[in-house]
């Protein structure tokens, strides 16, 4: 969970992006807090990917300021920009793997770019470890992207994004094109890695299940700006028509019901564990075990 009192790891102020006469962003502001998973949503053409590309330096904005890790990313010398880029990883839509390289070789690309003198054997070991970390079998390393399923390509792209042990992870529509089971598994992987590695995650998605399942806050793009940032409950309290249509439509209600059902299962399981061994549970709660937390209104056995 992000520290709401900490300085933002990403700060965008007054951002303007346009393509010819078409203005995409105009006066856009956004903060990404350290340690959070921030979901970014918006209708088609609102510039979600353009915003991400602006932050990572692939799109030069017309105006505005962007700082990452407290350093401005606009107009920096190449050597200065490299030091910042080492600290983030990016998963583009579809994985964006190099088709002529194996999975392992794809994962090695950032290592070869930033650490050219690294021993080849060590580089291969790091790549192998990252492949397995993202849930792929070790045997996936020598395979080419054409030999992988859609879900495997996403995981291979994620392994490459994690190659440099980044502090900040950018994910662009990571569950797009996946079946519900595959999408849920990728959500779980993202959350697990975020907790284990202490990542801050900037997540572009249209998947309501993802928003409900793993995002700490959600930024809504509309009217060329970020019109709101908050939890789903906070966003639902707003009367903006796009927010209401998006979160209260049939898919939004289904995602909310799925979240509530999962929460009910977790609460029931916690209560059952307490009933079986209340002393052990109390000890685990004091230790801060998330799996051992029980709702305050659950009756304790005597």
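The values are calculated or read from the model by the stated rules, or taken from the named source; none is laboratory data. Please read these numbers as outputs of a predicted model, since none were measured by experiment. So basically every Cβ, Gly included, is an ideal-geometry build from the backbone, and we count neighbours across all protein chains shown.
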Fill in the blank from the handout: Checked against (1) under 16 Å from the mean Cα position of the chain (by Cα); (2) within 21 Å of residue 50 (Cα to Cα); (3) assigned by TED's automatic domain parsing to the domain that holds residue 11, residue 158 satisfies every condition except (3)
Handout entry: Of all residues making up the stretch 157-174, the number that are free of Cβ contacts under 8 Å to residues at least 40 places away in the same chain and in a helix (DSSP H, G or I)
Key = 0
Exercise for the section: Hey, can you tell me all the residues within the stretch 224-272 that are surrounded by fewer than 14 Cβ atoms within 10 Å (Cβ to Cβ), modelled with pLDDT of 95 or more and not in a helix (DSSP H, G or I)? Expected result: 231
Fill in the blank from the handout: Inside the stretch 44-74, the number of residues satisfying the requirement of being in contact (Cβ under 8 Å) with a residue 24 or more places away in the chain, exposed (fewer than 14 other Cβ atoms within 10 Å of the Cβ) and within 15 Å of residue 206 (Cα to Cα) is 0
Handout entry: Qualifying position, being in contact with a strand residue (DSSP E or B) (Cβ under 8 Å, 6 or more places away or on another chain), at pLDDT 95 or above and crowded, with 17+ Cβ neighbours inside 10 Å, among 158, 136
Key = 158
Problem - Given (1) under 24 Å from residue 52 (Cβ atoms); (2) within 22 Å of the chain's Cα centre (by Cα); (3) modelled with pLDDT of 95 or more, number of the condition residue 131 does not satisfy - result: (1)
Practice task
May I ask you to say which residue of 141, 177 is touching a residue at least 12 places away in the same chain (Cβ under 8 Å) and surrounded by fewer than 20 Cβ atoms within 10 Å (Cβ to Cβ)?
Solution key: 177
Exercise for the section: Output yes when any residue across the stretch 193-200 is crowded, with 21+ Cβ neighbours inside 10 Å, in contact (Cβ under 8 Å) with a residue 12 or more places away in the chain and within 25 Å of residue 98 (Cβ to Cβ), and no when none is. Expected result: yes
Practice task
Scan the stretch 112-126 and report the pairs whose first residue is not assigned by TED's automatic domain parsing to the domain that holds residue 83 and whose second residue is modelled with pLDDT of 90 or more and assigned to a loop (DSSP other than H, G, I, E, B), with Cβ atoms within less than 6 Å and a gap of 6+ or a chain change.
Solution key: 114/86
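Test of understanding: among 101, 30, 97, 38, which residue is farther than 30 Å from residue 145 by Cβ, touching a residue at least 24 places away in the same chain (Cβ under 8 Å) and not in a helix (DSSP H, G or I)?
Answer to the selection: 30.
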Problem - Only one of 151, 177 that is touching a helix residue (DSSP H, G or I) at 6+ places or on another chain (Cβ under 6 Å), assigned by TED's automatic domain parsing to the domain that holds residue 38 and at pLDDT below 95 - result: 177
Exercise for the section: Taking only the stretch 185-214 into account, find how many residues are out of contact with any helix residue (DSSP H, G or I) (no Cβ under 7 Å at 6 or more places or on another chain) and part of a helix (DSSP H, G or I). Expected result: 9
